[in-house]
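See below for the structure under consideration.
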Amino acid sequence: MYLNLTDALKNDAAALDARDIIKDCVHCGMCLGTCPTYGVLGDEQDSPRGRIYQIKNMLEGQADLASVQQHLDRCLTCRSCETTCPSGVQYGHLLEWGRDHLSQHHTRAWAERSKLGVLRHVLTRPALFGVLWRAASVVKKALPATYAAKLKPAAWSASTVSAPLALEPIDLTVVVHQGCVQNTMSPNINRATMRLLTAWGVTVQTVQDGCCGAIAAHTDDAAGARAMAARNIQMWGEFLSKQPNALVVSNASGCGVQLKEYGHLFKHDEAQAASAQKVSTAVRDVSEVVQLILTQYPAVRDALQIKIEALPDAAKYVAYHEPCTLQHGQKLKGSVSGLLTEIGVRLAPSINPHLCCGSAGTYSITQPELSKQLLNNKINDLKLDKVAFVLSSNIGCIGQIASAANVPVLHWVEWLDAVWSEDARVKSQQ
C-alpha cells in the first residue's frame, strides 16, 4: 500500500513505523471474519482493514478526524486480526499510533474528555478507587443497570484455609506485579498467585510497582502511560539487577500485554530502550510460569493431578474464557486450557473460543451497548448450564462475565490455589 506522508510526519520515527506496518497489509480481508465489531456492526470502517485505511488517511493528512475517532474508539484492541492475518500486520501497534495522533490533533467533546479523565484518574489510583468501589457497592441499587452490574463482588474474597506445607524449594525467583484495578476488585487473585507459587517452592517477592499504564493508554493519555511504565521499569530494573534470572509475573493478561510491550514503547528512547527491553524480556504470564513448573518439576504436577482426581466429577467440570489479551495480545492461545487439561480438569466445549467478552479495559464503560452485545454472544458460547465455575485470566473479563453468569467466575489461579489447599468451596459448587 503506497503512502505519501505529510511533511510534518516524514521525519517522525513513530509515524514511519506506522507507515511500514500499513505497507504489510495486502487488503485480503481475512481479518473481517474474526473482528468482533465488524461481526456486530457489519461496517467496513469498523473492521481492521477499514481502520487501517483511516489511519493511512491520517498519515497523509486527508482524514476526517472526528469520523476516524469514532471508528477507532469502537475498536476493542482485541488483536484477533493479528492472529488471523497471513501477512503479520502489527495492527495493535498501528492502532496505538492512530489513537496517540488523534489525542494530539483532535479535541473530543467535553463530556467524552471528562469521562475518560475520571476513569484515568480513579482507576489508576488504588486507594481512591478502593474507597469509591466500596461506596458504589453500597448504593449500587440506585445506579443505572449498566454500571450496577459491574459492581458484583468478587466470587471469593480470600482463601478459607492455610496453604499446606511447601514442597522442596525450586530454583525460581519471581516478582508478582501488584497492579491497580485488580488489587481493588479482587485482591485474592494476587494472594492466591503468591500463595500457590510459594507452596510449590518458588521464591516469591514483590516491589512497589504500580499501574502498568494500560488504563492511561485506553483513555487518551499516552504520556501518562509512558510515565507509569518508566516508574515500573525503574523499580523492576533495580530488582532484576540483583536477581538477573528472576521473572516478572503478571496474572492479569491485559496488564501482561502492556508490560511485554515496554520494549516497543521505548524503542525510540535512547535513555530507556535497553532497560525497557530488559524488563519486557523478563515478563511472563502466570500460565507460562505454571507450565514451566509442571514441566520441570514432576513432583508438583503429580501432586496436583492427585488433588484434581480426588474432586467429584461435577466439581472439576468448568468453562474457561481465554482473554483476547492472552490468546492474541501475548500469543499464548491454549496456554491455560492446555495445562488445565493436562492436570485432569474437564473443560466445557466452546464453539468460538476467539469471541471477545466485550470488557476490553474501559470499553464496557465507554461503549456499553457494543460491549453488552459482545457479552451476550460470549455467554451463549460458554454453555454454562452444567459447569461448576467459569475461569479466566484477566480481571476485566472476570468482572464482565460475572455480571451475566449464574455460576461463580474466578481467576483460574484462584481455583487452582483452592484445589491445592483443599478448600471446601471447590466442591460446594457441584
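If you scan the stretch 277-295, which residues turn out to be without any contact (Cβ under 8 Å) to a residue 40 or more places away in the chain and farther than 30 Å from Ala229 by Cα?
Thr295
Please find, within the stretch 364-416, the residue that is farthest from Glu112 (Cα to Cα) out of those that are of a type in the set (Val, Ile, Thr) and under 18 Å from the mean Cα position of the chain (by Cα). Steps first, please.
Our first condition is that a residue be of a type in the set (Val, Ile, Thr); within the stretch 364-416, this holds for 365-366, 379, 387, 390, 395, 398, 401, 407, 409, 413.
This time we only want the ones that are under 18 Å from the mean Cα position of the chain (by Cα), so: 365-366, 390, 395, 398, 401, 409, 413.
Details: Ile365: 11, Thr366: 9, Val390: 34, Ile395: 24, Ile398: 26, Ile401: 26, Val409: 31, Val413: 36 Å.
Checked the stretch 364-416; the qualifying residue farthest from Glu112 (Cα to Cα) is Val413.
A quick yes/no check of all residues on (1) at pLDDT 85 or above; (2) within 20 Å of Val131 (Cβ to Cβ); (3) crowded, with 22+ Cβ neighbours inside 10 Å:
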| residue | (1), (2), (3) |
| --- | --- |
| Asp171 | yes, no, no |
| Val176 | yes, no, yes |
| Gly179 | yes, yes, yes |
| Ala192 | yes, no, yes |
| Val204 | yes, no, no |
| Val207 | yes, no, no |
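Would you check which residues across the stretch 235-273 are assigned to a helix (DSSP H, G or I), farther than 24 Å from His328 by Cα and small (Gly, Ala, Ser) and list them?
Residues of the stretch 235-273 that are assigned to a helix (DSSP H, G or I), as a first pass: 235-242, 253-260, 262-265, 273.
Going one step further and asking which of them are farther than 24 Å from His328 by Cα, we end up with 235-242, 273.
Matches in the stretch 235-273: Gly237, Ser241, Ala273.
Please work out which residue is surrounded by the fewest Cβ atoms within 10 Å (Cβ to Cβ), limiting yourself to the stretch 303-329 and to residues that are in contact with a strand residue (DSSP E or B) (Cβ under 9 Å, 6 or more places away or on another chain) and in a loop (DSSP other than H, G, I, E, B). Steps first, answer last, please.
Going residue by residue through the stretch 303-329, those that are in contact with a strand residue (DSSP E or B) (Cβ under 9 Å, 6 or more places away or on another chain) are 313, 316-323, 326.
Now restrict to residues that are in a loop (DSSP other than H, G, I, E, B): 321-323.
Details: His321: 30, Glu322: 25, Pro323: 28.
Looking at residues that are in contact with a strand residue (DSSP E or B) (Cβ under 9 Å, 6 or more places away or on another chain) and in a loop (DSSP other than H, G, I, E, B), I get Glu322.
Considering (1) touching a Phe, Trp or Tyr at 6+ places or on another chain (Cβ under 9 Å); (2) over 29 Å from Leu123 (Cβ atoms), say which one Arg226 fails and leave the rest.
So Arg226 meets the others, but not (2).
Somewhere in the stretch 265-273, is a residue within 20 Å of Ala225 (Cα to Cα), touching a Phe, Trp or Tyr at 6+ places or on another chain (Cβ under 9 Å), surrounded by fewer than 17 Cβ atoms within 10 Å (Cβ to Cβ) and without any contact (Cβ under 8 Å) to a residue 12 or more places away in the chain?
Initial filter on the stretch 265-273 (within 20 Å of Ala225 (Cα to Cα)): 265-273.
Next, from what is left, pick out any that are touching a Phe, Trp or Tyr at 6+ places or on another chain (Cβ under 9 Å): 272-273.
With surrounded by fewer than 17 Cβ atoms within 10 Å (Cβ to Cβ) added as a condition, the list becomes 273.
If we keep only those that are without any contact (Cβ under 8 Å) to a residue 12 or more places away in the chain as well, we get 273.
Yes: the stretch 265-273 contains one or more residues that are within 20 Å of Ala225 (Cα to Cα), touching a Phe, Trp or Tyr at 6+ places or on another chain (Cβ under 9 Å), surrounded by fewer than 17 Cβ atoms within 10 Å (Cβ to Cβ) and without any contact (Cβ under 8 Å) to a residue 12 or more places away in the chain.
Between a residue in the stretch 82-107 that is buried (at least 18 other Cβ atoms within 10 Å of the Cβ) and any residue that is among the hydroxyl-bearing types (Ser, Thr, Tyr) and in a helix (DSSP H, G or I), which pairs come within a Cβ distance under 8 Å, given they are 6 or more apart or on different chains?
Glu82/Tyr91; Thr84/Thr34; Cys85/Tyr91
Could you please let me know if Val300 is buried (at least 18 other Cβ atoms within 10 Å of the Cβ) and over 20 Å from the mean Cα position of the chain (by Cα)?
yes
Check the stretch 7-26 and report whether any residue there is hydrophobic (A, V, I, L, M, F, W, C), touching a residue at least 60 places away in the same chain (Cβ under 8 Å), farther than 23 Å from His105 by Cα and surrounded by fewer than 16 Cβ atoms within 10 Å (Cβ to Cβ).
Here is the first cut: in the stretch 7-26, the residues hydrophobic (A, V, I, L, M, F, W, C) are 8-9, 13-16, 18, 21-22, 25-26.
With touching a residue at least 60 places away in the same chain (Cβ under 8 Å) added as a condition, the list becomes 13-15, 18, 21-22, 25-26.
Now restrict to residues that are farther than 23 Å from His105 by Cα: 25-26.
Now restrict to residues that are surrounded by fewer than 16 Cβ atoms within 10 Å (Cβ to Cβ): 26.
Checked against the condition, which is being hydrophobic (A, V, I, L, M, F, W, C), touching a residue at least 60 places away in the same chain (Cβ under 8 Å), farther than 23 Å from His105 by Cα and surrounded by fewer than 16 Cβ atoms within 10 Å (Cβ to Cβ), the stretch 7-26 yields at least one hit.
Filter the stretch 239-259 down to residues that are touching a residue at least 24 places away in the same chain (Cβ under 8 Å) and surrounded by fewer than 22 Cβ atoms within 10 Å (Cβ to Cβ), then give me how many there are.
Taking the stretch 239-259 first, the residues touching a residue at least 24 places away in the same chain (Cβ under 8 Å) are 239-240, 243, 245-259.
In the following step, the residues that additionally are surrounded by fewer than 22 Cβ atoms within 10 Å (Cβ to Cβ) were identified as 239-240, 243, 245-247.
Summing the residues that are touching a residue at least 24 places away in the same chain (Cβ under 8 Å) and surrounded by fewer than 22 Cβ atoms within 10 Å (Cβ to Cβ) in the stretch 239-259 gives 6.
Among the residues of the stretch 382-392, are any at pLDDT 95 or above and in a helix (DSSP H, G or I)?
Within the stretch 382-392, not a single residue is at pLDDT 95 or above and in a helix (DSSP H, G or I).
Take the residues in the stretch 188-215 that are hydrophobic (A, V, I, L, M, F, W, C) and assigned to a loop (DSSP other than H, G, I, E, B), then tell me which one is nearest to the chain's Cα centre (by Cα). Lay out the reasoning, then the answer.
To start, the set of residues in the stretch 188-215 that are hydrophobic (A, V, I, L, M, F, W, C) comprises 189, 192, 194, 196-197, 199-200, 202, 204, 207, 211-212, 214-215.
Then drop every residue that is not assigned to a loop (DSSP other than H, G, I, E, B), which leaves 200, 202, 207, 211-212.
Details: Trp200: 25, Val202: 24, Val207: 21, Cys211: 13, Cys212: 11 Å.
For the stretch 188-215, the residue satisfying everything is Cys212.
Here is a yes/no grid of residues against (1) touching a strand residue (DSSP E or B) at 6+ places or on another chain (Cβ under 9 Å); (2) without any contact (Cβ under 8 Å) to a residue 60 or more places away in the chain; (3) more than 23 Å from Leu32 (Cα to Cα):
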| residue | (1), (2), (3) |
| --- | --- |
| Leu339 | no, yes, yes |
| Gly344 | no, yes, yes |
| Asn352 | no, yes, no |
| Gly358 | no, no, no |
| Lys372 | no, no, no |
| Asp381 | no, yes, no |
| Val387 | yes, no, yes |
| Gly399 | yes, no, yes |
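The values are calculated or read from the model by the stated rules, or taken from the named source; none is laboratory data. Everything quoted here is computed from the prediction, not taken from an experiment. With ideal geometry, Cβ positions are generated from the backbone for all residues, glycine too; neighbour counts draw on all protein chains shown.
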